[in-house]
1. Would you check if I23 is at pLDDT 85 or above and loosely packed, with under 10 Cβ neighbours inside 10 Å?
2. Under 8 Å between Cβ atoms, which residue pairs at least 6 apart in sequence (or on different chains) link something in the stretch 35-51 that is under 9 Å from P61 (Cα atoms) and hydrophobic (A, V, I, L, M, F, W, C) with a partner that is modelled with pLDDT under 60 and surrounded by 13 or more Cβ atoms within 10 Å (Cβ to Cβ)?
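The values are calculated or read from the model by the stated rules, or taken from the named source; none is laboratory data. Remember, predicted model here, so these are calculated numbers, not experimental data. Heads up, the Cβs are rebuilt from the backbone with ideal geometry, glycines too, and the neighbour counts pull from every protein chain shown.
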Amino acid sequence: MKKIIIAALFVFPLPLIAQTARIKFDTGRSVGEIDPNIYGVFMEPIGRSTDIPVRNTLYGPLYDPSSPLANKDGFKTDYIETMKELRITNMRWPGGNYVAAYNW
């Protein structure tokens, strides 16, 4: 039986029986609209210091009742305004690797 299998491999080489795959992208076909609520972000603190004067980066945690930027619920308003500007539809907080060390 082994001899037959080995002989078959030499008689019918794999390239001869392999088929060519073809992929077609039909950019004119529309299945439906994409719901913007399926896209979201992880929100995690970037750094802990505000000593570095970077104007396009949010520092520190989203929830910080002791911050002068906190609203009545303790969430920082600079984050909230940025999320509105970016039109973020949903957010997981805390997210990413920050969850592992978060003080639950």
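1. Values: at pLDDT 85 or above: yes; loosely packed, with under 10 Cβ neighbours inside 10 Å: yes.
So I23 passes the test.
2. Partner pairs satisfying both residue conditions: none exist.
Residue-by-condition table, conditions (1) within 19 Å of the chain's Cα centre (by Cα); (2) surrounded by fewer than 12 Cβ atoms within 10 Å (Cβ to Cβ); (3) modelled with pLDDT of 75 or more; (4) in a helix (DSSP H, G or I):
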| residue | (1), (2), (3), (4) |
| --- | --- |
| I52 | no, yes, no, no |
| S67 | no, no, yes, no |
| K72 | no, yes, yes, no |
| D78 | no, no, yes, yes |
| I88 | yes, no, yes, no |
| P94 | yes, no, no, no |
| A100 | yes, yes, no, yes |
| W104 | no, yes, no, no |
